[in-house]
Amino acid sequence: MSSHNGEPRDEQSGANDLETTDEQAAAAGSSVDPADARITDEAAEFDEDDAVGDLAEPGAAAGRRHLVRQKAKKVTTKQRVRRVLVRSGIAVVIIAALVAAGFWIKQNVVPEVTEPVPEPGNIADGAFLFDGHDLSSMLDDESGEEDAEGEGSDTSDPDDGGSAETEDEEPERVTVDVYVDYLSPESALFHQANAAQLASWVSEDAISLTYHPVALLTAKSNGTRYSQRAMGAVACVASGDPERFVPFNDALLTDQPAVDTPGHTSEELAGIAESVGVENSDVSSCIESDKYAAWARDMTSELSAGDLPGQGDQQLTGAPMVLVSGIPYTGALDDPGELSQFVLTVESDEYFQSPTPEPSE
């Protein structure tokens, strides 16, 4: 019998085996990891005929899975290499940017910090002494002098009648130190009201007058640093043409820009210097290049940080600040008469507090 001999059974068994193999292959295909399923066409590229032939062989499903995984590993490796290259490129760009920034800092910032700050000439401790200079520019406004006299101001020599001195015993001259900011309205007010009187006292050798430019309002000019630039311009004039310092100082405190405005440009400041008689081209170049900007900044910081040089324990409280023999003047800024009375009082006190001379034998 055919059934007894097993032939039909063998055929059926073979068919069942093939069916089982197909089911296993299908199951093997469905069990591929999601990562394997997302591989590119490059990873999945293989010959279908070979695959069919492989499936007919025992263990074909396992072999197919092995091939797929190998392909996936190759693609994953390529992707990792690409990521490494991209990240390396970004790192190179960042390093290059840092190198460029470091070079810029070295070229622009480091020299400003490490190189010595240029010091202007004819200015000691940030101050300019008026004694011995032509002060006629401070006396030009005759109408202003008449107005001051009409208001009862006293422009007489503070030494006259202000002390019990004798011809052989003269006290030292009263010192008047004025700290001004060229953007400060109060500084302009004081100067315009008292310039003529101060100049007359200096010309009569009654007082010693010193102006101290400061840049306290640098941040009040819409980012142009006008106070600092004006202070630096004064240093340029004092260094290059000291005889023109007085009229330049007078011009800046007379033709003064308003607070919270850009103020005069550096070119305009150079033009003002020329208008008061400065002919040295180096002065114009100095002003336009802002040569003494760092000096103006550092000097202002120094004067603001502690006791004022030569003024005992007095400290800078603002601009203007007026010290008469080291004593702060707190009267009206626009009243020459009140200032004159204060100077006379200080001069008298100095005389009477001076030691009595020993009688000669």
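Brief remarks follow.
Condition check ((1) open to solvent by 30 Å² or more (accessible area, probe 1.4 Å); (2) touching a helix residue (DSSP H, G or I) at 6+ places or on another chain (Cβ under 9 Å); (3) modelled with pLDDT of 95 or more) across all residues:
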{"position": "Ala235", "(1), (2), (3)": "no, yes, yes"}
{"position": "Glu243", "(1), (2), (3)": "yes, no, no"}
{"position": "Asn249", "(1), (2), (3)": "no, yes, yes"}
{"position": "Asp255", "(1), (2), (3)": "yes, yes, no"}
{"position": "Glu268", "(1), (2), (3)": "yes, no, yes"}
{"position": "Ile272", "(1), (2), (3)": "no, yes, yes"}
{"position": "Ser275", "(1), (2), (3)": "yes, yes, yes"}
{"position": "Asn280", "(1), (2), (3)": "yes, yes, no"}
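- Count of residues meeting criterion [without any contact (Cβ under 8 Å) to a residue 60 or more places away in the chain and either buried (at least 23 other Cβ atoms within 10 Å of the Cβ) or out of contact with any helix residue (DSSP H, G or I) (no Cβ under 8 Å at 6 or more places or on another chain) (or both)] in the stretch 208-226: 5
- Residue match in the stretch 166-174 (condition: open to solvent by less than 20 Å² (accessible area, probe 1.4 Å), at pLDDT below 95 and either of a type outside the set (Val, Ile, Thr) or within 19 Å of Leu323 (Cβ to Cβ) (or both)): yes
- Which listed residue is more than 27 Å from Val346 (Cβ to Cβ) and in a loop (DSSP other than H, G, I, E, B), from Val278, Val283: Val278
- Hits in the stretch 212-244 (condition: closer than 23 Å to Asp260 by Cα and in a helix (DSSP H, G or I)): Tyr226, Ser227, Gln228, Arg229, Ala230, Met231, Gly232, Ala233, Val234
- Any hit, the stretch 337-348, residues being touching a residue at least 24 places away in the same chain (Cβ under 8 Å) and within 26 Å of the chain's Cα centre (by Cα): no
- Residue list for the stretch 176-201, filter: in a strand (DSSP E or B) and open to solvent by 10 Å² or more (accessible area, probe 1.4 Å): Asp177
- The stretch 134-143: number of residues that are at pLDDT 85 or above and surrounded by fewer than 18 Cβ atoms within 10 Å (Cβ to Cβ): 3
The values are calculated or read from the model by the stated rules, or taken from the named source; none is laboratory data. The structure displayed is predicted, hence computed values, not measured ones. Here the Cβ is made from the backbone with ideal geometry for all residues, glycine too, and neighbour counts use every protein chain on show. Quick note on the areas: whole protein, heavy atoms, side chains included, nothing else; ligands and nucleic acids left out. Shrake-Rupley method; radii C 1.70, N 1.55, O 1.52, S 1.80 Å.
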